[in-house]
Structures are given as structure tokens and as C-alpha cells.
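Taking it in order: structure first as C-alpha cells, then the write-up.
Only the coordinates and a few stated rules stand behind these numbers; no lab work does. Small disclaimer: the values here were computed from a predicted structure and weren't measured. Backbone-built Cβ (ideal geometry, glycine too); neighbour counts: all protein chains shown.
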Amino acid sequence: MADYEKYICTTLHKRHLLPGPKPEERDMLAADGLRIKMEHILWVDEDIIPGAYYNESAWIWPSSYPGQITPDELAKRTTPNAPMFPHVHDVPEILSWWGTNLDDPEDTSSMGMIMGDEEVMLDKSWVAYIPAGMMHMPTKPAGGRVTDKPVWHWTFAPGMYTREKEVHEEDAKHTTDLPRPGAPKKNTKESLKYFVFAGDQKDIKRPDFMMEINPEFFRHIACIDEKIIPGCELGCDTFSILPGDTSKSGIQIMDPHASSHGTIINLTSLNYDSITDLAAEAELWIGGEKHIITKGFGVYIPPNVEQGPLVVRNVKKQLFFMMSFPVGEGIKKFPGGK
């Protein structure tokens with residue numbers, strides 16, 4: 001086994017922490033050829049990869065896709081979800097729902113987000129930075145738009161994360177007068193400063209180790225750093241990669257480099273028939289080791305370990321690339337483990 005193979009994750013772990021049906025219920029539905037609306041691809045944390053940050057990603061499928069179970073049938077066959085309520089974390093978080101229609105990234109379902117005493121309405125694709133200690137919760141406004149395209153969801157934070165019921169109940173005991181969806185305490189829009197929306201970013205300057213994005217094969221999604229959202233402590237760089245390159249050499253995304261902090265890299269395929277299959281080949285070098293990956297993956301690169309080059313070849317389906325890391329003061333607070 002190579003020294004750095006343990007830093008690559010291609011298997012969904014901690015299924016008992018996922019929202020929705022229990023693992024055994026999910027398996028029962030899958031055996032009957034049924035799909036649920038939110039299908040998780042990865043859960044990464046330091047239990048899964050030594051020293052890693054928390055990172056979770058999932059597809060949200062439209063009801064028109066084959067095999068999607070209806071809400072009524074799901075309610076009959078599975079345990080009801082515990083209700084979600086506004087909550088806080090003691091670390092910051094990056095959270096996103098992003099549409100997959102590359103010709104119209106505003107083509108996504110309407111959502112809202114409780115942010116402190118406000119509720120931000122979200123009518124297009126978005127990435128949000130949630131400061132540590134800020135009350136927050138995604139909401140679904142009544143009568144909102146519903147897309148017929150898949151939506152990609154991901155979240156990233158330092159430390160560990162849990163959705164265990166008793167933790168939520170304990171939080172609720174110590175939280176009074178929680179904000180309610182549709183009834184914010186303030187009608188201000190101060191929290192919009194924590195969001196990056198589809199179509200907002202132009203002429204993004206990426207780090208020197210990231211290759212220039214060729215619009216023939218790439219579509220920008222969103223970048224966050226301490227300049228884009230002043231004072232933020234976590235950042236990300238995300239984009240889509242399209243089929244079409246036929247070269248044997250493939251497309252190089254990243255040059256070799258090392259950082260003083262840890263980094264999470266995700267590469268995921270929009271592949272409804274097999275969500276674990278990358279439908280491409282990724283060549284990723286870690287610490288001088290070459291790794292060929294053909295499944296959707298999450299990778300954690302520890303501080304001061306060389307990462308790259310990263311090359312993708314034989315792309316058959318639309319890919320989503322996400323790289324997340326601490327920025328600004330977060331580099332001191334959340335450098336990551338080894």
C-alpha cells in the first residue's frame with residue numbers, strides 16, 4: 001500500500017448520520033429499484049481520513065428521473081426524518097446548493113437560508129460562508145420554483161460533524177425563541193454578504209498552481225476567499241469539467257505545489273446510472289506518489305505535503321471539481337492534521 005493511499009476516499013462512510021432513510025431502509029429501497037431524492041456520494045472527516053476536515057457531498061435528483069420514489073411512498077416505507085431546526089456550530093462552514101444546467105446556472109429550485117435573525121431568499125445557485133456561532137438553517141419557501149435538473153450539494157468545515165438526534169435535542173433545550181422559516185426577526189439583508197451567487201463572479205484570479213480554465217471544457221462555479229468575503233476563514237474553488245477533450249495527455253488542472261494548511265479535493269461525476277463511477281480517469285500525485293482514480297472521490301492533502309499534478313482524461317460525463325481549505329485567520333486556527 002502506498003503511503004498516501006489512505007488519504008483518498010471513494011466509499012460513502014457514516015451512512016447512519018445521513019439525513020433521510022436509515023441505511024437498512026436505503027438498502028431495501030435500492031433492492032426494489034427505487035431512488036431517494038438526496039443521494040450522498042461522500043462523507044469525509046478525521047475518522048475516515050487521518051487529520052482531515054469534514055466534507056459532505058450529495059446529488060439532489062428531480063422527481064421526473066426514473067425510479068424516484070414519491071414523497072408519499074417514502075413516508076410509508078421509511079422512518080420519518082427528525083425535524084430540522086436552526087442551529088449553530090463552533091467552527092465556520094461552507095455550504096452550497098448549485099444547479100447543473102451549465103447554460104443557465106440560475107436554473108435551480110428556490111430555497112431560503114436562516115442566517116441569524118434574517119432569512120435570505122435564494123432563487124439561483126449559491127455558495128454560502130457560515131461564520132462560527134451564526135444560527136442557520138436551509139429552508140424551502142412555499143410555492144417556490146422547482147427545477148427539473150439535478151442539483152449538487154456540498155458542505156465543508158474544520159473538525160467533526162454529527163446529526164445524531166440527541167445532539168439536536170440538547171441544542172434545542174438551550175435555544176429559546178428560535179427563528180422560524182417565513183418569519184425572520186429582521187427584514188434586513190445584511191447576511192447577503194456571506195453568499196456568492198451564480199453569475200456574480202467575473203475575472204477570478206486563481207492561485208498560480210491552478211491551470212487557466214479553458215471555457216471549451218470548463219465552467220466556473222464559485223470561488224471564496226478572505227477578499228471575496230471579507231473576514232471569512234474558509235475558502236473554496238469550484239468548477240465544472242465537460243466532456244470533449246480527446247487528447248491522450250488529458251487536461252491538467254493543477255501543478256505540483258504544497259501548502260502550509262490541509263486541503264480537501266472532490267471530483268464527482270453527474271452520472272445518474274452509477275453515482276460512484278467517475279466516468280473519467282483522474283491522475284493525482286500526492287507526496288510524489290502517482291494515483292489513478294476512476295471513482296468519484298474525496299482527497300485530503302495534509303499540510304506541507306506536495307499535491308499535484310492533477311490531470312483528468314476520457315471525461316464522459318459532466319464533472320464537478322471542488323477544492324476547499326482555510327483562508328485568512330483560518331489558516332492559523334484550522335491548519336489541518338497530518
For this session: Sequence neighbours fewer than 8 away in the same chain don't count; with that in mind, list the lysines whose C-alpha is under 30 Å from Lys185.
Result: Lys124, Lys140, Lys165, Lys173, Lys193, Lys227
Exercise. What shape does region 41-93 take by its C-alpha gyration tensor, where a ≥ b ≥ c are the square roots of the eigenvalues and a/c under 1.5 counts as rounded, a/b above b/c as prolate, and the rest as oblate?
Worked result: prolate
Problem set entry | Under 26 Å from Lys6, Cα to Cα: lysines that are on another chain or at least 8 residues apart | Lys14, Lys290, Lys295, Lys332, Lys333, Lys338
Problem set entry | For the chain, built as a Gaussian network whose Cα springs stay under 10 Å, the top-fluctuating residue of Pro92, Pro62, Pro23 | Pro23
Problem set entry | Segment Arg313-His257, extension gain: residue separation times 0.36 nm, minus the distance between their alpha carbons | 18.1 nm
Problem set entry | Furthest towards positive pole of dipole, Gly308, Gly51, Ile8, structure part the chain, Cβ charges | Ile8
For this session: Sticking with the crude label model, points 7 Å out along Cα→Cβ, report the distance from Glu5 to Lys189 in nm, one decimal please.
Result: 5.3
For this session: Order these peptides, 310-316, 11-17, by their mean beta-carbon neighbour count within 10 angstrom, highest first.
Result: 310-316, 11-17
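What full-extension length gain, to one decimal in nm, is calculated for Thr246 and Ile228 as 0.36 nm per residue of separation minus the Cα-Cα distance?
Working it through step by step, the gained length comes to 3.0 nm.
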For this session: Starting from the Cα gyration tensor of region 192-338, take the square roots of the eigenvalues, sort them a ≥ b ≥ c, and report rounded, prolate or oblate (rounded when a/c is under 1.5, otherwise prolate if a/b is larger than b/c, else oblate).
Result: oblate
